[in-house]
Amino acid sequence: DSEVKSSVAGIRNALADLAELVVEADNGGSGAVAASGREKITAMSSEVVSSNPYSRLMALKRMGIVDNYEDIRTFSVAVVGIGGVGSVAAEMLTRCGIGKLILFDYDVVELANMNRLFFRPEHSGLSKVEA
């Protein structure tokens, strides 16, 4: 019983930490933003070129399916659990141009579950968020 209470307390503390990260991200904080290796795109263009990763998504706006696709850059999303489903969700949110993405997972990458994750064998032992 005390082990369960301790585990619940740990989960509550982790959720409180996550809530703080979401508030910080919404207020323009940079603590949860990782370096991407390329400059941030300041304005979303509908021009279809290889340097514009969002151009095909902007076609939704041109077709009248989405009113203002640029607004997606103002949203923050937290993904709790970067396993088989969470890693795919994080990748798709990134590809859609979400403004801020906060990844939260205490687990590490293991070779035993490599078949269902988007990680490489050299990531084994790293936290899922770092990998």
> What is the local net charge at Lys128, summed over the other residues whose Cβ is closer than 15 Å to its Cβ (Lys, Arg +1; Asp, Glu -1)?
Replying inline: -4
> If amide H atoms are built 1.01 Å from N in the plane of the peptide, which residues on other chains or at least 5 residues away come under 5 Å of the amide H of Phe75?
Replying inline: Gly99, Lys100
>> Given axes a ≥ b ≥ c from the Cα gyration tensor, I'd like to know whether the stretch 73-131 is rounded (a/c under 1.5), prolate (a/b larger than b/c) or oblate.
In response: prolate
> Can you work out ³J(HN,Hα) from phi for every residue in the stretch 119-131, in order, using Karplus 6.51 cos²θ - 1.76 cosθ + 1.60 and θ = phi - 60°, giving whole Hz and x for Gly and Pro?
Replying inline: 10, 9, x, 5, 7, 4, x, 7, 5, 4, 5, 5, 5
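Each value in this text was obtained by applying a stated rule to the coordinates, not by laboratory testing. Remember, predicted model here, so these are calculated numbers, not experimental data. Ideal geometry is used to build each Cβ from the backbone, glycine not excepted, and the neighbour counts take in all protein chains shown.
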